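Enquirer: This structure is in structure tokens; I'll ask about it shortly.
The values are calculated or read from the model by the stated rules, or taken from the named source; none is laboratory data. In this text, all values refer to a predicted model and were calculated from it rather than measured experimentally. Glycine also receives a Cβ, built like all others from the backbone with ideal geometry; neighbour counts cover every protein chain displayed.
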Amino acid sequence: MSEYRGLLEMAGKFHGDICGGIVMGTKLAIHGMEKMQMKPGEKDKRLIVYTEIDRCISDAIMSVTQTSLGKKSLKPMGYGKFAATFVNIETGEALRLVDREANNKDERADDETIEELIERIDGTPGEELFDVQRVSVKIDKNDLPGKPLEIMKCKECGETVMDGKHHIKGGYAYCTSCYTGSYYTLL
């Protein structure tokens, strides 16, 4: 079994099934880690990955890179793009990989089965599937893995706000919900 197929199986188990996003996300994560000279499928404490979409591809990236929200090594950006940026926090090197097929609908075969897609992607070099861009990523010290550096209490609701995610107004700390509004409404 190829490295790709083994990692694809692992990503599929994590996600719940193998779909197009898992197929492409697995290959993207492998290619990104190899470009960063890291071993796909193994946790590397130097790695932070920014995913640009909250879809299946992000589950594959999470599985293959062994990054996670809880360890602050996975950063979901919610841009709706089939892309991810791999950052080595020791060297500052950062590479953004973009899925070419997602941006070129004409190149995709709509009638391709998952098995045919897997076979094609397994046999295609990453250089042919992804655009790689050297980028610069400024990472706030509060966004690095490790223990929280800042812990504040919101003046209005009294809830704890960690990792510098608070806002200061009139010399007091406020959570984002109280400061700018929230995604939820109290009933």
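Enquirer: Would you check which residues across region 166-187 are among the aromatic types (Phe, Trp, Tyr), modelled with pLDDT of 95 or more and either surrounded by fewer than 14 Cβ atoms within 10 Å (Cβ to Cβ) or in a loop (DSSP other than H, G, I, E, B) (or both) and list them?
Expert: Filtering region 166-187 for residues among the aromatic types (Phe, Trp, Tyr) gives 172, 174, 179, 183-184.
Keeping just the survivors that are modelled with pLDDT of 95 or more gives 172, 174, 179.
Correct list: 172 only.
Enquirer: Sticking with this structure for a sec: Among the listed residues 87, 132, identify the single one that is touching a residue at least 12 places away in the same chain (Cβ under 8 Å) and out of contact with any Lys or Arg (no Cβ under 8 Å at 6 or more places or on another chain).
Expert: The conditions single out 87.
Enquirer: Just checking, which of 93, 128 is in the same structural domain as residue 36 (by TED's automatic domain parsing) and loosely packed, with under 14 Cβ neighbours inside 10 Å?
Expert: After ruling out the rest, the residue left standing is 128.
Enquirer: Oh, and also: Residues 163, 122, 111, 143: which one is closer than 23 Å to residue 80 by Cβ and either assigned by TED's automatic domain parsing to the domain that holds residue 33 or surrounded by 13 or more Cβ atoms within 10 Å (Cβ to Cβ) (or both)? Spell out how you get there, then give the answer.
Expert: Working: 163 fails: closer than 23 Å to residue 80 by Cβ; 122 fails: closer than 23 Å to residue 80 by Cβ; 111 fails: closer than 23 Å to residue 80 by Cβ.
Among 163, 122, 111, 143, only 143 is closer than 23 Å to residue 80 by Cβ and either assigned by TED's automatic domain parsing to the domain that holds residue 33 or surrounded by 13 or more Cβ atoms within 10 Å (Cβ to Cβ) (or both).
Enquirer: Are there any pairs, at least 6 apart or on different chains, whose C-beta atoms fall under 7 Å, with the first in region 1-23 and in a helix (DSSP H, G or I) and the second among the basic types (Lys, Arg), and if so, which?
Expert: Sorted first by the residue in region 1-23, then by its partner, the pairs are 4/27; 21/55.
Enquirer: So if I check each of 67, 26, which one is buried (at least 18 other Cβ atoms within 10 Å of the Cβ) and either touching a strand residue (DSSP E or B) at 6+ places or on another chain (Cβ under 6 Å) or among the basic types (Lys, Arg) (or both)?
Expert: Details: 26 fails: either touching a strand residue (DSSP E or B) at 6+ places or on another chain (Cβ under 6 Å) or among the basic types (Lys, Arg) (or both).
From the options 67, 26, the qualifying one is 67.
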